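The values are calculated or read from the model by the stated rules, or taken from the named source; none is laboratory data. Note that the structure is predicted; figures quoted are calculated from it, not measured. All Cβ positions, even for glycine, are placed from backbone atoms using ideal geometry, and neighbour counts span all protein chains on display.
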């Protein structure tokens, strides 16, 4: 919900609860999620804070004898962290590591019942975002379009993120009208299921469209981005 100061005590409480339960895998999950706040803070000085949480999560996962799918998710989380700090080459190597873990994994039934948010499709979403950040837009577009085809209908929030990443790729490919079309689709998604992270992605792409301010498609996007519903929710 973009409220890291409020989230932090909840994550600590979840870590304490995992300790009380003696469940190292739940502890690993809590620690890995705690890495996102410093990673998305925009503060380069917090890079080691995020990395320390990932190292801790990996240690807990080893202690809990985690199956390969959990280590693949941790590699994807670390890739997201490194992408946010501009280390896309290392991030892509982590993505490939995660792909190899899933490729060779025949132990899906060993994952805990609560570990239900990660899959090969979700990993491809991580990969597409990192490819966009790395400037590999053609491969990014191909990857993200496949993710859209594979995502279950219920994954509306993830769909909005993928559409926003496709819009970023379109800007890099000098296709501003296509980028605007995709962002309008994202706004349609968040109008029914609000997602602050998606709005952040939209605004980041909108900033990259400054060279195309005079285009009708960009003005149309602004009309939808700054309507009453979206504007009030953004500031709330």
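Overview of values
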| read-out | value |
| --- | --- |
| Odd one out for residue 26, checked against (1) closer than 22 Å to residue 125 by Cα; (2) within 21 Å of the chain's Cα centre (by Cα) | (1) |
| Search result, residues across the stretch 10-41 that are outside any helix (DSSP H, G or I) and touching a residue at least 12 places away in the same chain (Cβ under 8 Å) | 23, 35, 40, 41 |
| Residues of the stretch 213-234 classified as surrounded by fewer than 16 Cβ atoms within 10 Å (Cβ to Cβ) and over 24 Å from residue 39 (Cβ atoms), total | 14 |
| Filter pass, residue 178 being free of Cβ contacts under 8 Å to residues at least 12 places away in the same chain, in a helix (DSSP H, G or I), closer than 26 Å to residue 218 by Cβ and in contact with a helix residue (DSSP H, G or I) (Cβ under 8 Å, 6 or more places away or on another chain) | yes |
| Subset of the stretch 117-136 [on the phi < 0 side of the Ramachandran plot and outside any helix (DSSP H, G or I)] | 117, 118, 119, 134, 136 |
| Members of the stretch 87-116 found to be exposed (fewer than 14 other Cβ atoms within 10 Å of the Cβ), in contact (Cβ under 8 Å) with a residue 12 or more places away in the chain and not in a helix (DSSP H, G or I), listed by number | 104, 107, 114 |
| Which listed residue, of 51, 63, 58, is loosely packed, with under 15 Cβ neighbours inside 10 Å and free of Cβ contacts under 8 Å to residues at least 40 places away in the same chain | 63 |
| Any hit, the stretch 71-82, residues being out of contact with any helix residue (DSSP H, G or I) (no Cβ under 7 Å at 6 or more places or on another chain), surrounded by fewer than 24 Cβ atoms within 10 Å (Cβ to Cβ) and either free of Cβ contacts under 8 Å to residues at least 12 places away in the same chain or in a helix (DSSP H, G or I) (or both) | no |
| Residues that are surrounded by fewer than 16 Cβ atoms within 10 Å (Cβ to Cβ) and within 26 Å of residue 233 (Cα to Cα), drawn from the stretch 1-32 | 1, 2, 3, 4, 5, 6, 7, 8, 9, 10 |
| Selection status of residue 199, in the same structural domain as residue 232 (by TED's automatic domain parsing), surrounded by 17 or more Cβ atoms within 10 Å (Cβ to Cβ) and at pLDDT below 95 | yes |
| Residue match in the stretch 137-152 (condition: out of contact with any helix residue (DSSP H, G or I) (no Cβ under 7 Å at 6 or more places or on another chain), in a loop (DSSP other than H, G, I, E, B), surrounded by fewer than 19 Cβ atoms within 10 Å (Cβ to Cβ) and not assigned by TED's automatic domain parsing to the domain that holds residue 43) | yes |
| Residue under evaluation residue 163, criteria (1) loosely packed, with under 15 Cβ neighbours inside 10 Å; (2) free of Cβ contacts under 8 Å to residues at least 40 places away in the same chain; (3) within 16 Å of the chain's Cα centre (by Cα), criterion not met | (1) |
